1. Please list the equivalent ellipsoid semi-axes of the stretch 232-298, computed as the square roots of five times the alpha-carbon gyration tensor eigenvalues, in descending order and whole angstrom.
2. Given 0.36 nm per residue, what is the gain on full extension from PHE130 to ILE100 after removing their alpha carbon distance, in nm?
3. Taking just the C-alpha trace of the stretch 1-133, give me its Rg and Dmax in Å.
4. Provide Rg over Rh for the chain; use the alpha carbon set for both Rg and the Kirkwood Rh (inverse mean inverse pair distance).
5. Would you mind checking which residues have amide H under 5 Å from THR191's amide H? H placed 1.01 Å from N; only 5 or more apart, or other chain.
6. Cα-based Rg of the stretch 72-230 per 2.2 N^0.38 Å, rounded to two decimals?
7. What spacing in nm lies between the two simple spin-label points modelled at LEU148 and VAL107, each 7 Å away from Cα in the Cβ direction?
8. Per residue, how many Å² of accessible area does the chain show with a 1.4 Å probe?
Amino acid sequence: MEKLGTQAKQSMVRRSLIGLVIGLIYVSVILAGYYIDRVVVSVFLCIVVALSVLEVRDALGNRIPKQFNALVWIFALCFGVPYFLFGISGVAVFILAIFIIGCAISVFSQLNEAVVHLAYFSFLLIYPAFVMSAMFFINKSMDSSGNLLDIHTVGLALVFLVASCTDMFAYFFGSLFGRHKLVPSISPKKTWEGAAGGLFGGLVGAGIVYLLFETPFALFSPGLPLSGGLKIVVYVIIGIFGSAFTQIGDLVASLVKRQCGIKDYSNLLGAHGGIMDRFDGMMFNAAFIAIIYAFLLS
């Protein structure tokens, strides 16, 4: 630890403390969804999506002309309405409708480079909004008959703990052992050693969820509706690939920020940047877990 230096140690402590507070908020929301109603999680996610959309829109700047501003605000603030009314399919139709309206704005505003502007606007609809909708899908887990299932909590726990442990282990492994750059043109500080530590962290996160939901001493129920051996395999897969998706999501965020010339999406969360800086990897992990859930619920 001595080689990190005093400043690096202080930065690590500050980052860890802020991360702890963010983690406690997320855990509180999950527990409220478990003990009270999953609508608490849905409302929380609506706020996260709204703030994330506005952060990305701000980052893209003039790439999305001011003619789109009102539509972006409507999209951000009303994102939860179709979800509460029609579920995840309502979200998909809502995004499609907003895209069509955006096309009309491009046509009638006669913008220079209209196709380029529309491409950036479309990117905003997908990243972060549509990718984040994976968490809505997990939270409203339903069987093929449309009946709500009680496995949403284990899925949300996997989204949070796999991503958080990935970030934590990647940060510490990279700080302590990092030598070989991962993708220096996108994120100069990330290393292969950190990435390997992140994969190990993903397994740790999945293991914690397994202990909380699947063992005889589990604090919560139910766990995943699978037999014992297959259940362990699925947790391992989520731990490894969920971690990989988390790190890919983090790199995508770094790519966007580098293209936009910014360090963080905002300073809302202090050393952790903005909402997008906290959820960039988590939402990609959620997308992978949503795919797993789609197979489990089919």
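The values are calculated or read from the model by the stated rules, or taken from the named source; none is laboratory data. None of the values given here were measured: they were computed from a predicted structure. Here the Cβ positions follow ideal geometry from the backbone for every residue, glycine too, while neighbour counts run over all protein chains shown. These accessible areas exclude ligands, DNA and RNA; they are computed on the full protein's heavy atoms, side chains included. Shrake-Rupley method; radii C 1.70, N 1.55, O 1.52, S 1.80 Å.
1. Numbers: eigenvalues 157, 24, 21 Å².
Three semi-axes, in Å: 28, 11, 10.
2. 9.2 nm
3. In order Rg, Dmax, the Cα atoms of the stretch 1-133 give 19.1, 61 Å.
4. Numbers: Rg = 19.8 Å, Rh = 20.1 Å.
My calculation of the ratio gives 0.98.
5. HN-HN under 5 Å from THR191: LEU182.
6. Cα-based Rg divided by the globular estimate yields 1.38.
7. Each label point is offset 7 Å from its Cα along the Cβ direction, giving 4.1 nm.
8. On a per-residue basis, 49 Å².
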